[in-house]
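One structure is given below, encoded as structure tokens.
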Amino acid sequence: MARVRVAALISGRGSNMAALIAAAATPAYPAEIALVLANVPGAGGLSVAAEHGIANETLDHRGFADRAAFDDALDARLRHHAIEFVCLAGFMRLLTAGFVEKWRNRLLNIHPSLLPAYPGLDTHKRALADGVRVAGCTVHFVRAKMDVGPIVAQAAVPVLQGDDEDALAARVLKAEHALYPHALRLVASGAATVEGEQVRFARALAAPPVLFNPPL
Ligand code: GRF
């Protein structure tokens, strides 16, 4: 079976990108990471991609007059590499509505909260300030509005007494590294599709047990 050609877009260390690369190392995985593109020169994830022999490029947004010009150049690079699907993986830049529309339902993002709670930045700080007992992460299809779009998958982690932002972020990040490859597998294999702005699954998936925190 032909694997879906995926680009991972990054701005920094690229640990989610690395998790996708690791998952795609299995030949049976339905997607291959064919390109890693960073908008920040020297982004850590670029060297990780290079070590894996994956095409990697930098498109410095500071060299463009406006967002539309950057997004046009980005679109051109994706087409050059015959990319079929895009995963935002710590890509800290808003995309224009025009770009998002071109890649509609072929563009995923990972966000470190249980959306629609805590969109935007400082998610862990805000969750801790609110005293929530459960936090987590979300993989969703991208729409023009930030951190909004049909949800493919979510993972929940407990918030523990004494957690600070770093401790919670680390626990959520570990969940992200499992969640993103899982979500991309569902979408790339055709098991998850968008219908009427909701994600539908081709077959019933076994539901995990309820998470209680503190435990029962
Ligand atoms: C992750 O927490 C991701 O959810 C958020 O930015 C962070 C990127 O981390 N969008 P990394 O670059 O994947 O390590």
Listed pairs LYS125/LYS145; LYS102/LYS145; LYS145/LYS174 exceeding 24 Å between Cα atoms: LYS145/LYS174
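Would you please give the FRET efficiency between VAL134 and ARG104, computed as 1/(1 + (r/R0)^6) with r the Cβ-Cβ distance and R0 = 30 Å, to the nearest 0.05? Display every interim value, and only then the final one.
On the way: r = 31 Å, r/R0 = 1.04.
Computed FRET efficiency for VAL134 and ARG104: 0.45.
Rounded to two decimals, what ratio of Rg to Rh does the range 1-144 give with C-alpha atoms and a Kirkwood Rh?
The Rg/Rh ratio comes out at 0.98.
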HIS80: accessible area at probe 1.4 Å, nearest 10 Å²? 120 Å²
J(HN,Hα) series, the range 70-76, from Karplus relation 6.51 cos²θ - 1.76 cosθ + 1.60, nearest Hz, glycine and proline x: 4, 5, 5, 5, 4, 4, 5
Using the Karplus curve 6.51 cos²θ - 1.76 cosθ + 1.60 with θ = phi - 60°, work out ³J(HN,Hα) for each residue of the range 20-35 in order, rounded to whole Hz, and write x for Gly and Pro. 5, 4, 4, 5, 6, 5, 7, x, 6, 5, x, 10, 10, 7, 9, 7
Around PHE64: net Lys/Arg minus Asp/Glu count, Cβ-Cβ under 14 Å: -1
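Which percentage, to the nearest 5, of the DSSP beta bridges contained in the chain is antiparallel?
Values: 15 of 33 bridges.
Looking only at bridges with both residues in the chain, the antiparallel portion is about 45 percent.
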Rounded to a whole number, what is D in µm²/s for the range 134-216 from Stokes-Einstein with the Kirkwood radius over alpha-carbon pairs (10 °C, 1.306 mPa s)? 111 µm²/s
Once phi is turned into ³J(HN,Hα) by the Karplus curve 6.51 cos²θ - 1.76 cosθ + 1.60 with θ = phi - 60°, what whole-Hz value does each residue of the range 149-164 show in order, with x for glycine and proline? x, x, 8, 8, 7, 9, 10, 10, 10, x, 9, 9, 4, x, 4, 10
Any idea what the dipole of the range 100-159 comes to, in debye rounded to 20, about its Cα centre with Lys/Arg Cβ at +1 and Asp/Glu Cβ at -1? 180 debye
Cβ-defined net charge surrounding GLY162, 15 Å radius [Lys, Arg +1; Asp, Glu -1]: -2
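For ALA156 and PHE64, calculate 0.36 nm times their separation in residues minus their Cα-Cα distance, and state this gained length in nm to one decimal. Walk me through the intermediate numbers first.
Values: separation 92, 0.36 × 92 = 33.12 nm, distance 3.86 nm.
Stretched fully, the ALA156-PHE64 segment lengthens by 29.3 nm.
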Gaussian network model of the chain, Cα within-10 Å springs - most flexible of LEU173, LEU205, LEU20: LEU205
Springs between alpha-carbon atoms under 10 Å, Gaussian network over the chain: tell me which of VAL132, VAL148, VAL86 tops the mean-square fluctuations. VAL132
List every residue whose amide H lies under 5 Å from the amide H of ALA31, counting only residues 5 or more places away in sequence or on a different chain, with H placed 1.01 Å from N in the peptide plane. VAL4
Based on a Kirkwood Rh over C-alpha pairs, give the Stokes-Einstein translational diffusion coefficient of the range 11-66 at 25 °C and viscosity 0.890 mPa s in µm²/s. 207 µm²/s
Comparing ARG106, ARG133, ARG185 in a Gaussian network model of the chain (Cα, 10 Å), the one with the largest mean-square fluctuation is ARG133
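Count charges around PHE85 for me, please; just the other residues with Cβ under 9 Å from its Cβ, Lys/Arg as +1, Asp/Glu as -1.
Values: positive: ARG5, ARG106; negative: GLU84.
Result for the neighbourhood of PHE85: +1.
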SER113 long-range amide H proximity, modeled H, under 5 Å: THR138
Counting helices only, and only those DSSP H runs with n ≥ 4, report the 222 nm mean residue ellipticity of the chain as the sum of -39,500 (n - 2.57) divided by its residues, in deg cm²/dmol to the nearest 500. -10000 deg cm²/dmol
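Mind checking the dipole of the chain: about its Cα centre, +1 per Lys or Arg Cβ, -1 per Asp or Glu Cβ, Debye to the nearest 20?
Working: 21 positive and 20 negative charges, 93 e Å.
That gives a dipole near 440 debye.
The values are calculated or read from the model by the stated rules, or taken from the named source; none is laboratory data. Everything quoted here is computed from the prediction, not taken from an experiment. Here Cβ is always computed from backbone atoms with ideal geometry, including for glycine, and neighbour counts include all displayed protein chains. For accessibility, only protein heavy atoms count, side chains too; no ligands or nucleic acids. Shrake-Rupley method; radii C 1.70, N 1.55, O 1.52, S 1.80 Å.
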